[in-house]
Amino acid sequence: MTRQTWTAFTAALVFVGLSVLLVALPVPYVSWSPASTYNTLGAGADEPSIQVAGTPTFPTSGRLDLTVVSVTTADGRLSLPEALAAYWLPHHDALPRVSVYAPGKSTDEVEREDADLMSTAQDDAVVAALRAAGQPVTALPAVYSVTVGGPAHQKLLPGDLVLRVDGVPTPDREAVSREIQRRQPKDVVRFTVLRQRVETTVDVQTAASSAQDGQPVVGIMLTTGYRYQPRISFDLGQRIGGPSAGLVFALAIYDKITDGPLLDGRHVAGTGTITPNGAVGRIGGIQEKIAGADDAGATAFLVPAGNCGDLSGVRTDMSLVKVGTLQEAITALRTLDTPGGADRLPHC
């Protein structure tokens with residue numbers, strides 16, 4: 001074999017080896033792409049079902065789609081060609097992995113956090129929808145977490161709504177803390193809580209704080225919870241995580257518990273986080289979600305006001321309606337039903 005032949009053979013082997021490495025070695029990126037939409041007013045096996053009990057419900061019409069993004073899983077990896085394809089393909093994107101998944105977190109931790117965010121979005125959507133419909137909602141201090149091995153461990157539970165401490169009404173978190181601080185370490189404090197809608201009393205012996213001498217603690221962290229009459233449950237039928245469906249969930253609930261169809265047969269999609277007070281927040285993957293809704297045949301898309309600056313280069317025949325609150329979204333859907341209504345709405 002001549003020198004030239006050996007050189008060509010070696011170069012070919014090096015090229016093949018580098019090509020294999022190029023395809024096989026992962027790069028620190030994840031891909032985003034449009035995914036299927038889900039009709040929140042549907043009740044089929046492949047559609048989210050929202051069940052309402054304890055308050056009158058009314059017929060709905062049309063489609064109200066939540067939109068999601070297909071993203072590389074926490075335990076998945078992209079090769080360089082895949083990352084480049086995601087970057088260049090229309091309605092796709094490649095993002096640094098650290099901007100999506102915090103370093104050091106396991107797949108189970110990521111999935112749990114996504115599930116928690118979705119659960120919180122559902123709870124906030126219920127409260128926002130009930131308030132928008134004029135139904136009574138009472139804010140109360142709620143147990144957010146319980147210190148393992150602390151005084152309240154296995155006595156108070158996350159989600160308990162604190163009604164009274166030693167018989168004193170506690171309308172907010174400050175009132176709960178104030179009543180605990182009136183006691184001494186090793187005093188027994190009686191909590192009256194609402195657990196799964198049933199009033200329950202729980203006795204907890206305080207302990208001395210390790211951070212502040214002489215201060216009594218029970219080992220709980222508090223947040224704000226809500227008491228209301230209706231029972232509302234979600235059956236998504238598939239794994240969807242994150243908080244971005246909050247606005248659409250709130251609209252679907254509102255449509256079910258108020259007289260007169262909100263969509264009047266229209267096909268509308270949207271996205272956005274929601275707070276219990278009805279404020280709509282920005283989300284990630286807005287362009288991919290718009291593309292998914294466009295592919296599904298929606299005629300209008302509700303865009304969080306905070307995302308309007310992210311729509312550069314978006315091309316769609318849908319009406320992109322800007323909303324900053326749940327009430328603005330409700331007004332927008334009603335306006336769409338009137339002649340020329342779409343032209344009168346704020347757009348991105």
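What follows draws every value from the coordinates through simple rules; no lab data is involved. A quick note: this is a predicted structure, and the numbers were derived from the prediction, not measured. When we count neighbours, we look across all protein chains shown, and the Cβ atoms used for this are built from the backbone with ideal geometry, even at glycine.
What residues have an amide H closer than 5 Å to that of T67, excluding those fewer than 5 places away on the same chain, when H is modeled at 1.01 Å from N in the peptide plane?
Correct list: G270.
Pull up all non-local amide H partners of L41: gap of 5 or more, or a different chain, and H-to-H distance under 5 Å with H placed in the peptide plane.
Residues meeting the amide H criterion: L64.
Does segment 174-233 classify as rounded, prolate or oblate by the C-alpha gyration tensor (a ≥ b ≥ c root eigenvalues; a/c under 1.5 gives rounded; else a/b over b/c gives prolate, otherwise oblate)? Intermediate values should be presented prior to the final figure.
On the way: a/c = 3.11, a/b = 2.22, b/c = 1.40.
Because a/c hits 1.5 or more and a/b exceeds b/c, segment 174-233 counts as prolate.
With a sphere of radius 12 Å drawn around the Cβ of D108, what net charge do the other residues whose Cβ falls strictly inside it have (Lys, Arg +1; Asp, Glu -1)?
Details: positive: K105, R112; negative: D75, E109, E111, E113, D114.
Here the count lands on -3.
Averaging sequence separations of C-alpha pairs under 8 Å and six or more residues apart, then dividing by the length of the chain, give the relative contact order as a whole percent. Can you show the working numbers first?
Numbers: 713 pairs, mean separation 75.3, N = 348.
Answer for the chain is 22 percent.
Tell me which residues come under 5 Å, amide H to amide H, from Y29 once H is placed; ignore anything under 5 positions away on its chain.
Answer set, sorted by chain and number: L78, R97.
For segment 244-249, what does the Karplus curve 6.51 cos²θ - 1.76 cosθ + 1.60, with θ = phi - 60°, yield as ³J(HN,Hα) per residue in whole Hz, taken in order and with x for Gly and Pro?
Rounded to whole hertz, the list is 6, 8, x, 4, 5, 4.
Give a residue-ordered list of calculated ³J(HN,Hα) values for segment 165-171 (Karplus: 6.51 cos²θ - 1.76 cosθ + 1.60, θ = phi - 60°; whole Hz; x for Gly, Pro).
10, 6, x, 8, x, 10, x
Using Cα springs under 10 Å in a Gaussian network model of the chain, which residue among G272, G150, G242 shows the largest mean-square fluctuation?
Most flexible of the set in this elastic network: G150.
Send over the Kirkwood Rh of segment 138-227, from the inverse of the averaged 1/r over different Cα pairs, rounded to one decimal Å. Don't skip to the answer; put the middle values down first.
Details: mean 1/r = 0.0783 Å⁻¹.
Hydrodynamic radius (Kirkwood, Cα pairs) of segment 138-227 is 12.8 Å.
Ranked by Cβ crowding within 10 angstrom, fewest neighbours first, how are K256, K155, K289 ordered?
K155, K256, K289
On C-alpha positions alone, give me the angle between the axis of helix 107-132 and the longest principal axis of the chain, in degrees, nearest 10.
Helix 107-132 and the main axis of the chain meet at about 60 degrees.
Along the charge dipole of segment 138-227, Cβ charges K/R +1 and D/E -1, which of V202, Q215, G150 sits furthest on the positive end?
Result: V202, furthest along the dipole toward the positive end.
In whole Hz and in residue order, list the ³J(HN,Hα) couplings for segment 314-331 that follow from phi through the Karplus curve 6.51 cos²θ - 1.76 cosθ + 1.60, θ = phi - 60°; x for Gly and Pro.
Going residue by residue, I get 6, 10, 7, 8, 5, 7, 8, 8, 7, 9, x, 9, 4, 5, 5, 5, 4, 4 Hz, with x marking Gly and Pro.
Given a cut-off of under 8 Å on Cα pairs at least six residues apart, what relative contact order in percent is computed for segment 138-227?
Details: 208 pairs, mean separation 34.5, N = 90.
That works out to 38 percent.
What shape does the chain have by the C-alpha gyration tensor, where a ≥ b ≥ c are the square roots of the eigenvalues, rounded means a/c under 1.5, and otherwise prolate means a/b greater than b/c and oblate the rest? Write down the numbers at each step before the final one.
On the way: a/c = 2.96, a/b = 1.35, b/c = 2.19.
Taking the square roots of the gyration eigenvalues as a ≥ b ≥ c, the chain is oblate.
Looking at the chain, what % of its DSSP beta bridges pair antiparallel, to the nearest 5? Intermediate results must be reported in sequence, preceding the final value.
On the way: 46 of 58 bridges.
Around 80 percent of the beta bridges assigned by DSSP in the chain are antiparallel ones.
Between segment 119-137 and segment 140-170, what's the alpha-carbon centroid distance in Å?
One Cα centre to the other: 23 Å.
Which of T338, T37, T275, T67 comes first, and how do the rest follow, when ranked by fewest Cβ neighbours within 10 Å?
On the way: T338 10, T37 24, T275 16, T67 28.
Least crowded to most crowded, the residues run T338, T275, T37, T67.
What order do you get for T271, T223 when you list them from fewest to most C-beta neighbours inside 10 Å? Mind showing how you got there, number by number?
Values: T271 29, T223 13.
Listing T271, T223 from fewest to most nearby Cβ atoms yields T223, T271.
Cα axis of helix 286-296 to longest principal axis of the chain: angle in degrees, 0 to 90, nearest 10?
In the chain, helix 286-296 runs at an angle near 80 degrees to the longest axis.
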